[in-house]
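Participant: Quick one: the structure is below, questions incoming.
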Ligand SMILES: [Cu+2]
């Protein structure tokens, strides 16, 4: 009987929480003409990794749609209480595939696991994941794996970061063209825009917030706006300018 009443109370709390929270949605577009993508010649020319590519692999600094929708923009709330991810939170995954990182732009919550996989077969054999935390706490938390070789078929590497920082560089010391950038957010309210430029920050408690859009090239310092969230959610679009 006791369990039953607890269940009823818990269900009631869940409903109440839902009624006072909503999703923040929006679209990010780019204003201006981005520089053309550049061929990654060292990858194409590499005796082993080059075999993955019939055509020249290109940089993906600006992933822009037909109507200037901009992908890879990290949108996050600012000034909200810091919150570390629960231990049970699903990990963020970055793969090493065809001698490139996929994806190349990621965001992870403080305390959330980031798994690095190596999907490349023999004879690529080895990647060497070299991370570059800019914050001491993030360096110390990953001291054993700042620079970690990962053979084909090896277990995933696991990282967690206790402190917020933007665009930490991941690189491979075997393949000099391999880079990814990891942004650590100290709250759960963030998302990354897709190829359609759209993002959705889920289940934000009702209220007024500062919201920031970051793009590694178009807005590395972030563009800040305000958004109001009600039970129906909130909406905020961004236009990032190339200067
Ligand atoms: Cu590599």
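A short reminder: the numbers here are calculations on the coordinates, not readings from a lab. Bear in mind the structure is a predicted one, so any value in this text is a computation, not a measurement. Methodologically, a virtual Cβ is constructed for each residue, glycine included, from the backbone with ideal geometry; neighbour enumeration extends over all protein chains shown.
Participant: Contact order normalised by length for the chain, with contacts defined as Cα pairs under 8 Å and 6 or more residues apart; what percent is it?
Facilitator: 30 percent
Participant: If you don't mind, another one. Modelling each spin label as a point 7 Å along the Cα-to-Cβ direction, I'd like the residue 151/residue 242 distance in nm, to one decimal.
Facilitator: 4.5 nm
Participant: Give, in nm to one decimal, the length gained when the segment between residue 86 and residue 58 is fully stretched (0.36 nm per residue of separation minus the Cα-Cα distance).
Facilitator: Extending this stretch completely gives an extra 6.4 nm.
Participant: Work out how much length residue 137 to residue 196 would gain on full extension: take 0.36 nm times their residue separation and subtract the Cα-Cα distance, in nm to one decimal.
Facilitator: Gain in length upon complete extension: 17.7 nm.
Participant: Report the convex hull volume per residue for segment 152-243, counting only C-alpha atoms, in Å³. If you can, show how the numbers build up before the last one.
Facilitator: Numbers: hull volume 15.1 nm³, N = 92.
Residue-normalised Cα hull volume stands at 164 Å³.
Participant: Bin by bin, in steps of 5 Å, what percent of the Cα pairs in segment 10-154 do you find, going until the bin that has the longest distance?
Facilitator: 2, 7, 11, 14, 17, 15, 14, 11, 6, 3, 2, 1, 0
Participant: With the contact rule set at Cα under 8 Å and sequence spacing of 6 or more, what percent relative contact order holds for segment 169-236?
Facilitator: Relative contact order, segment 169-236: 20 percent.
Participant: Still on this structure, I have one more. Could I have the simple spin-label model distance between residue 173 and residue 119, label points 7 Å from Cα toward Cβ, reported in nm to one decimal?
Facilitator: The modelled label-to-label distance comes out at 2.6 nm.
Participant: Rounded to whole Å, give me the distance from the Cα center of segment 146-215 to that of segment 53-116.
Facilitator: 5 Å
Participant: Let me ask something else. For residue 224 and residue 78, calculate 0.36 nm times their separation in residues minus their Cα-Cα distance, and state this gained length in nm to one decimal.
Facilitator: 51.7 nm
Participant: How large are Rg and Dmax for segment 89-196 when only the alpha carbon atoms are used, in Å?
Facilitator: So, for segment 89-196, Rg and Dmax equal 13.3, 41 Å respectively.
Participant: Counting just the Cα atoms, what span does the chain cover along each of its three principal axes? Round to the nearest Å and put the largest first.
Facilitator: Result, largest extent first: 65, 48, 33 Å.
Participant: Under 11 Å from a label point 7 Å along Cα→Cβ of residue 158: give me every residue in segment 122-150 with its amide N that close.
Facilitator: It comes to no residues whatsoever.
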